[in-house]
Amino acid sequence: MQPREPIDAARVEIADLAGPDAAHVLAQLRTLSPVAWVPEVGGWLVTGHDLTGQVMRDDVTFTVDDPNFSTARLTGPSMLSLDGAPHRRHRTPFVGPFRPRRVAERFEDEITALVHGLLARIRADGHADLRRSLAGPLSVAVVTSALGLEQVDAGMVLDWYGHIVGAVSTMTTGSAVPPEATAAMAALAAHIRAGLRSTQDSVLREATRDLDEADIIANAAVMMFGGIETTEGMISNALLHLLQNPGALEAMRADPALAEVVVEESLRLEPAAAAVDRYATRDVVLAGAQIRARDLVRVSITAANRDPAVFPDPDRYDLHRTNLRAQLSFAQGPHVCVAAELARLEARLAVILTLRELPGLRLERPVQPTGHIFRKPAELPVCWAPLR
Ligand code: HEM
């Protein structure tokens with residue numbers, strides 16, 4: 001289907017929703033019906049900002065706790081797979097360590113050193129793929145450090161990630177847990193146990209007061225896997241948006257304090273986690289759509305963040321918006337991203353230090369974010385004036 005043709009929800013393909021023009025397909029769907037049954041999704045797609053917030057806030061009607069949600073079969077129940085009181089029990093112990101002040105105290109120097117180290121490896125080359133040489137390895141290093149994982153290298157973590165994410169998709173189609181995913185979970189669990197026994201500071205330690213070891217391991221797994229691809233995408237997209245907008249790039253070079261709005265507007269325009277899933281707990285009517293109990297209700301954060309009712313001229317990258325915190329890239333309600341402030345800090349430092357240390361940074365060729373659930377460019381090819 002051509003995205004610019006009049007849209008028919010019944011004919012929308014995942015490829016349309018994953019392509020570079022996804023926001024326009026979603027905008028047309030929103031105009032047609034902000035809650036539309038999309039056969040290829042196998043569920044309802046919610047595209048309006050207010051409805052998106054409503055679904056994410058109402059965990060009594062729209063739950064994550066459904067047998068179709070396959071992550072829990074692999075990791076065990078966690079904050080990501082529970083609602084209500086059990087959700088609060090799993091989540092609350094991790095909220096304190098991720099508060100902004102504690103994140104800054106614990107992580108600012110470490111992230112700065114990590115970014116310096118990664119940039120030092122490429123600075124003399126004059127060109128690089130910043131997704132693979134900066135955004136990806138930084139995300140892995142920060143999350144493994146946050147969880148107190150010792151003697152774990154990025155390759156090992158990415159191996160586990162590959163097996164576990166692969167298994168979650170296979171299991172969604174009804175298959176059993178693949179053995180390599182079980183082995184990856186077991187290896188991760190062994191490292192988490194060792195980390196808990198060591199003296200290394202980690203966000204898991206406080207949780208030992210409230211949760212048993214199996215609960216901590218399940219939540220550590222979802223934090224690890226929630227923090228890799230998303231943060232890699234968030235940093236890549238923030239750099240890409242700057243490099244595509246020369247005025248903003250110049251302004252950011254002159255005033256690094258702009259990093260906060262640079263990151264926030266990029267999150268709005270291209271949320272790295274582009275959609276989240278819920279399941280209806282009862283028959284319910286939403287914006288005229290007759291949703292049945294157990295139906296999949298997929299919330300498009302990409303569409304919500306470009307709803308013109310909230311963000312005028314929504315496709316424009318604009319650092320002067322006054323309501324940027326209304327963007328929904330970290331979700332809203334009980335499952336709002338527990339580590340949003342850590343991800344924001346990583347992205348701000350990555351942007352500031354990259355511009356400072358790679359003078360004359362520019363894109364080597366045009367690239368665009370793609371993906372239906374996670375959105376980022378396949379690569380971020382850049383060049384700069386190499387320092388001697
Ligand atoms: C260090 C990095 C990160 C970690 C450790 C992390 C971890 C988590 C965890 C554990 C949850 C589940 C919270 C709950 O269910 O109560 C969550 C939710 C979420 N996170 Fe993050 N996250 C990180 C970065 C990001 C980034 C960069 C994005 C997108 C830009 C993102 C988007 C989301 C969204 C949309 C949800 C809601 C999921 C849902 O409602 O189903 N996260 N995150």
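The values are calculated or read from the model by the stated rules, or taken from the named source; none is laboratory data. Please read all numbers here as calculations on a predicted model, not as lab measurements. No Cβ is skipped: glycine too gets one built from the backbone with ideal geometry, and neighbour counts run over all protein chains shown. Only protein heavy atoms, including side chains, enter the accessible area calculation; ligands, DNA and RNA are left aside. Shrake-Rupley method; radii C 1.70, N 1.55, O 1.52, S 1.80 Å.
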Inset, instruction - Examine the stretch 126-141 for a residue that is in contact with a strand residue (DSSP E or B) (Cβ under 9 Å, 6 or more places away or on another chain), closer than 26 Å to His372 by Cα and not hydrophobic (A, V, I, L, M, F, W, C), and state whether such a residue exists. - result: yes
In the stretch 243-286, anything among the basic types (Lys, Arg) and open to solvent by 10 Å² or more (accessible area, probe 1.4 Å) is listed as Arg253, Arg278, Arg282
Residue pairs qualifying under the 8 Å Cβ cut-off, at least six apart or on distinct chains, with the first in the stretch 190-201 being more than 19 Å from Trp160 (Cα to Cα) and the second being open to solvent by 50 Å² or more (accessible area, probe 1.4 Å) and modelled with pLDDT of 85 or more, are Leu196/Arg205; Leu196/Thr208; Leu196/Glu213; Asp201/Arg106
Screening Leu32, Leu45 for residues that are buried (at least 20 other Cβ atoms within 10 Å of the Cβ) and not acidic (Asp, Glu) leaves only Leu45
Reported set for the stretch 86-113 where residues are open to solvent by 40 Å² or more (accessible area, probe 1.4 Å) and within 13 Å of the ligand (Cβ to nearest atom) is Pro86, Arg88, Arg89, Thr92, Val95, Arg106, Glu110
Of the residues in the stretch 339-363 that are within 16 Å of the ligand (Cβ to nearest atom) and open to solvent by 30 Å² or more (accessible area, probe 1.4 Å), the one that is farthest from Met252 (Cα to Cα) is Glu341
Any residue that is in contact with a strand residue (DSSP E or B) (Cβ under 9 Å, 6 or more places away or on another chain) and either among the charged types (D, E, K, R) or at pLDDT 95 or above (or both) - is there at least one of those in the stretch 89-96?
no
Checklist entry - Any residue in the stretch 181-201 that is closer than 22 Å to Leu345 by Cα and not acidic (Asp, Glu)? => result yes
When the stretch 117-129 is checked residue by residue, the ones that are farther than 19 Å from Val143 by Cβ and either out of contact with any helix residue (DSSP H, G or I) (no Cβ under 7 Å at 6 or more places or on another chain) or exposed (fewer than 14 other Cβ atoms within 10 Å of the Cβ) (or both) are Ala120, Arg121, Ala124, Asp125, Gly126, His127, Asp129
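So that you can scan it fast, the table gives a plain yes or no per residue for (1) acidic (Asp, Glu); (2) over 20 Å from the mean Cα position of the chain (by Cα):
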| position | (1), (2) |
| --- | --- |
| Asp109 | yes, yes |
| Arg121 | no, yes |
| Gly155 | no, yes |
| Gly166 | no, no |
Whether any residue in the stretch 132-145 is more than 15 Å from the ligand (Cβ to nearest atom) and more than 30 Å from Met185 (Cβ to Cβ) is what I want to check. no
Residue count, the stretch 333-388, condition in contact with a His (Cβ under 9 Å, 6 or more places away or on another chain) and within 30 Å of Val38 (Cα to Cα), comes to 2
Among Gly233, Gly227, the single one that is within 16 Å of the ligand (Cβ to nearest atom) and open to solvent by 10 Å² or more (accessible area, probe 1.4 Å) is Gly227
For the stretch 53-85, the count of residues that are within 20 Å of the chain's Cα centre (by Cα), over 30 Å from Pro178 (Cβ atoms) and open to solvent by less than 30 Å² (accessible area, probe 1.4 Å) equals 3
>> Whether any residue in the stretch 240-248 is within 11 Å of the ligand (Cβ to nearest atom), within 19 Å of the chain's Cα centre (by Cα) and not in a loop (DSSP other than H, G, I, E, B) is what I want to check.
In response: no
Considering residues that are of a type in the set (D, E, K, R) and either surrounded by fewer than 13 Cβ atoms within 10 Å (Cβ to Cβ) or closer than 18 Å to Pro77 by Cα (or both), the number found within the stretch 151-200 is 3
